[in-house]
Amino acid sequence: MSGYKPKAAPVIPVINGDAGDAGRDREEEMRKWEKEAEERRLAAAGGPTEQPVAVPAPASEPAPAPSAAASAEAAHPPAGAVRYLAVPAFQEPESDDPATRLEIYSRGIQAVEYAARANHERAEQQRLIGLGLRLRAIKEEDLHRVAGYDTFGDLTFAEFGIKKHQANNILRVLGVAQALEDLTTQELKERPLRILVPVLDKHGADAVRATWEEASRHGHVTDKTLENAANFLGFAPPKELPNGTSENAKATPKPASGMLRNSTRAVESLRQLAAKDPEKARREAEELRRAIEELVAELSAGA
């Protein structure tokens, strides 16, 4: 059984915001607002705004040592300890100046929107990981037999409305999502994460995180920016040519089957289209590549 425990989220979420200087300025503004809001909350609750000074217990009543359970909980926060941003409470401005009041209300609206968006992204990330952990356990323990189903896919579709290929895709990217959980609170969508599966398998979790950070430097993280980052860092596997050899190896001519000839024609058609409309050719090539990847995944899962 897995001993996995969710990690605490970073204080500042990395979300799908605007790229460039404007996005960074807004992130910096939100960081400042969060710090001020936390200080106001602690002050209102009568709590300290600075690190409290430890007061030794009287000699006659020595302070009890923390229990083993308490120490373990501190080292590994419970599942409910995943951090989300609190939506700021409404407060009446102290100033009577209309312009100042409007500014305070406007900043409050921005803060509410920011917290709501960040929490939604965090929840979707945790949903992917939470589903993956449970689906993996069901599959590894062959629990579909207990419920009277012939296959794992029959159970997931009948009980949860999750098709077999969807469940297998979630399982395929689970390790990647776990590797990124302590790096970003951004929603982790299954399709872009597929790019990082071979990176995880061959180079490990640190390479996955490095690739994500490199992609995020360019703004919105997508499957394309992740692929470019993996290539740039040297983590991407060598591309396979149609005959199955790597791009660095010399291809040995072989008689083309009917299906291979059709594939060759499709590629040649895209090349001809590229001469007239490069952007349209690129889009259609991307769609063809994704369709082939999904087919290969489904065939591999059913093997």
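What follows draws every value from the coordinates through simple rules; no lab data is involved. Quantities reported herein were computed from a predicted structural model and do not represent experimental measurements. Using ideal geometry, Cβ is built from the backbone for each residue, glycine included, and neighbour counts are taken over all protein chains shown.
When the alpha carbon gyration tensor of region 138-206 is reduced to an equivalent ellipsoid, the three semi-axes, largest first, read 27, 13, 10 Å.
Going by average Cβ density within 10 Å per residue, which order do the peptides 97-108, 147-158, 166-177, 194-205 take, highest to lowest? Write out the running numbers ahead of the final one.
Numbers: 97-108: 12.0, 147-158: 15.7, 166-177: 21.1, 194-205: 18.2.
Going from most to least packed, we get 166-177, 194-205, 147-158, 97-108.
Rg to Rh ratio, region 94-219, alpha-carbon atoms and Kirkwood radius? Walk me through the numbers before you get to the answer.
Values: Rg = 20.5 Å, Rh = 17.2 Å.
Ratio value, two decimals: 1.19.
Which entries of Lys189/Lys280; Lys163/Lys224; Lys189/Lys224; Lys164/Lys224 have Cα-Cα distances beyond 23 Å here?
Working: Lys189/Lys280 25 Å; Lys163/Lys224 26 Å; Lys189/Lys224 13 Å; Lys164/Lys224 26 Å.
As for pairs spanning more than 23 Å Cα to Cα, those are Lys189/Lys280; Lys163/Lys224; Lys164/Lys224.
Descending by average beta-carbon neighbour count within 10 Å, the peptides 110-118, 278-286 line up as 110-118, 278-286, the highest first.
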